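Engineer: Quick one: this structure, given as C-alpha cells, is what I'll be asking you about.
Read the figures in this text as sums done on the coordinates, not as results from a lab. Here the structure is a predicted model, which means the values were calculated and not measured. Neighbour counts are summed over all protein chains in view; Cβ atoms, including those assigned to glycine, are modelled from backbone coordinates with ideal geometry.
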Amino acid sequence: MELSANELASVPLRNPPLPEQREIADRLDRATREVGVLAMKTARQVEVLVERRQALIAHAVTGQLPRPE
C-alpha cells in the first residue's frame, strides 16, 4: 500500500509535551549507554576467549597439555 504526499500529510501525529520528550530522550540515552557498555564487555570477553583458545592450541601442538589420569 502506498500513501500519497497528501495522505501522509493528513496523518495526525502525537506531539508529547516537552518534559515528556526530554524524559523519553533521557531514557533512550541511558539505554544506549548500557548497550554500549555491554557491547564493550562482550568484545573483551571474546578477546579473552580467543587468547585462551590460541594458548590451548599452542600447548597442544608443543605437547605441553597435562595428560588425563
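Engineer: Report Rg(Cα)/(2.2 N^0.38 Å) for the chain, keeping two decimals.
Structural biologist: Against the compact-globule rule of thumb, the ratio is 2.42.
Engineer: Want the number for Asp29 to Val46: 0.36 nm per residue separation, take away the alpha-carbon distance, what's left?
Structural biologist: 3.5 nm
Engineer: Report the label-to-label distance for Ile57 and Glu2 in nanometres (one decimal), using points 7 Å from each Cα along the Cα→Cβ vector.
Structural biologist: 5.3 nm
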